[in-house]
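A.B. asks: Quick one: the structure is below, and I'll ask about it shortly.
The values are calculated or read from the model by the stated rules, or taken from the named source; none is laboratory data. No experiment lies behind these values; they were computed from the predicted model shown. Cβ placement follows ideal geometry from the backbone for every residue including glycine, while neighbour counts extend to all protein chains displayed.
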Amino acid sequence: MQIKELLSTTRMIPVLTINNLNDTLPLCAALMAGGLSVIEITLRTKPALNAVEMISKELPEISVGVGTLLDPMDLIRAKNSGACFAVSPGLNMDLVEQAQKDNLAYLPGIQTSSEAMMAYRYGLRALKFFPAKAAGGIYGLKQFQPVYPDLDFCPTGGIDFSDAPEYLRERNVLCVGGSFASPSDLIEQRNWKEITRLATMAASL
């Protein structure tokens, strides 16, 4: 599935940092029960790739991606773990080429018009606007619309329930990303019921 098609299936992508591998399946089950079935696991902890492999095998109905990719080897490891898409915080041409070589859906992060032009040159039409709030928020995102009418975005970074609806009203926004449906304190408490409630709210944004 192409990245644009995948992002169009959801209103919100939970960005998860897995500290305890045992939390992986109940956390994903809680999110899925709330209607969120596209998730991103960040490569910030040791269990991350094991978590991706576990999800791809045990919960195949979830589209799991790997985020915080910094180089082509990260992308290769993500694909070998069962990821169906890859996400990076910035635009890296080596990652673009590796994703195309491996036929893995790829969502690079951008902030500027120059980065958007470079992504466009490589045939990328869906991008992560990151970090969204620090990069100008909705005002910053609006600046891309008249110049790049066929670029779509997944704004991520500093977004929560209070401003997510405003982002989603923009015609160049496919979905938003963030941790507001699965805050770290609830994961630590293993409060899956509350995470399902938040996921339900996020899915209906």
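A.B. asks: Residue pairs, Cβ under 6 Å, 6 or more apart or interchain, first in region 72-92 and touching a residue at least 24 places away in the same chain (Cβ under 8 Å), second among the polar types (S, T, N, Q) and crowded, with 20+ Cβ neighbours inside 10 Å. List them.
C.D. replies: Qualifying pairs under 6 Å: 72/98; 75/98; 84/63.
A.B. asks: Being without any contact (Cβ under 8 Å) to a residue 60 or more places away in the chain, surrounded by fewer than 20 Cβ atoms within 10 Å (Cβ to Cβ) and either touching a helix residue (DSSP H, G or I) at 6+ places or on another chain (Cβ under 7 Å) or assigned to a helix (DSSP H, G or I) (or both) is the filter here; which residues of region 118-129 pass it?
C.D. replies: Listed by number, the residues that qualify are 118, 120, 121, 122.
A.B. asks: Here is a further query. Which of the residues that make up region 131-178 are surrounded by 19 or more Cβ atoms within 10 Å (Cβ to Cβ) and of a type in the set (Ser, Thr, Tyr)?
C.D. replies: Selection gives 156, 167.
A.B. asks: Okay, moving on. Going by what's in this entry, would residue 99 be described as outside any loop (DSSP other than H, G, I, E, B) and in contact with a strand residue (DSSP E or B) (Cβ under 6 Å, 6 or more places away or on another chain)?
C.D. replies: For residue 99, the condition - outside any loop (DSSP other than H, G, I, E, B) and in contact with a strand residue (DSSP E or B) (Cβ under 6 Å, 6 or more places away or on another chain) - is met.
A.B. asks: Considering only residues that are crowded, with 17+ Cβ neighbours inside 10 Å and closer than 26 Å to residue 129 by Cα, which ones fall in region 5-26?
C.D. replies: Once the filter is applied, which keeps residues that are crowded, with 17+ Cβ neighbours inside 10 Å and closer than 26 Å to residue 129 by Cα, region 5-26 yields 6, 7, 10, 11, 12, 13, 14, 15, 16, 17, 18.
A.B. asks: Given the condition under 17 Å from residue 130 (Cβ atoms), among the acidic types (Asp, Glu) and either touching a helix residue (DSSP H, G or I) at 6+ places or on another chain (Cβ under 6 Å) or surrounded by fewer than 22 Cβ atoms within 10 Å (Cβ to Cβ) (or both), answer yes or no: does some residue in region 36-46 qualify?
C.D. replies: No, the conditions are met nowhere in region 36-46.
A.B. asks: Scan region 1-60 for residues that are outside any helix (DSSP H, G or I), more than 24 Å from residue 197 (Cα to Cα) and among the basic types (Lys, Arg) and jot them down. Give the steps one after another, and end with the answer.
C.D. replies: Step one: of region 1-60, the residues outside any helix (DSSP H, G or I) are 1-2, 8-20, 34-47, 59-60.
Next, from what is left, pick out any that are more than 24 Å from residue 197 (Cα to Cα): 1-2, 43-47.
Of everything in region 1-60, those that are outside any helix (DSSP H, G or I), more than 24 Å from residue 197 (Cα to Cα) and among the basic types (Lys, Arg) turn out to be 44, 46.
A.B. asks: If you don't mind, another one. Among (1) part of a loop (DSSP other than H, G, I, E, B); (2) in contact with a strand residue (DSSP E or B) (Cβ under 6 Å, 6 or more places away or on another chain), where does residue 167 come up short?
C.D. replies: Answer for residue 167: the failing condition is (1).
A.B. asks: OK, next. Across region 75-89, which residue is farthest from residue 200 (Cα to Cα) among those that are under 16 Å from the mean Cα position of the chain (by Cα) and part of a helix (DSSP H, G or I)? Don't jump to the end; show me each part of the working.
C.D. replies: Residues of region 75-89 that are under 16 Å from the mean Cα position of the chain (by Cα), as a first pass: 75, 78-79, 82-89.
Add one more test, that the residue is part of a helix (DSSP H, G or I), and what stays is 75, 78-79.
Values: 75: 30, 78: 28, 79: 29 Å.
Result: 75.
A.B. asks: Scan 188, 115 and give me the residue that is closer than 18 Å to residue 68 by Cβ, at pLDDT 95 or above, of a type in the set (Asp, Glu) and outside any strand (DSSP E or B). Walk me through it before giving the result.
C.D. replies: On the way: 188 fails: closer than 18 Å to residue 68 by Cβ.
Every option except 115 fails the conditions.
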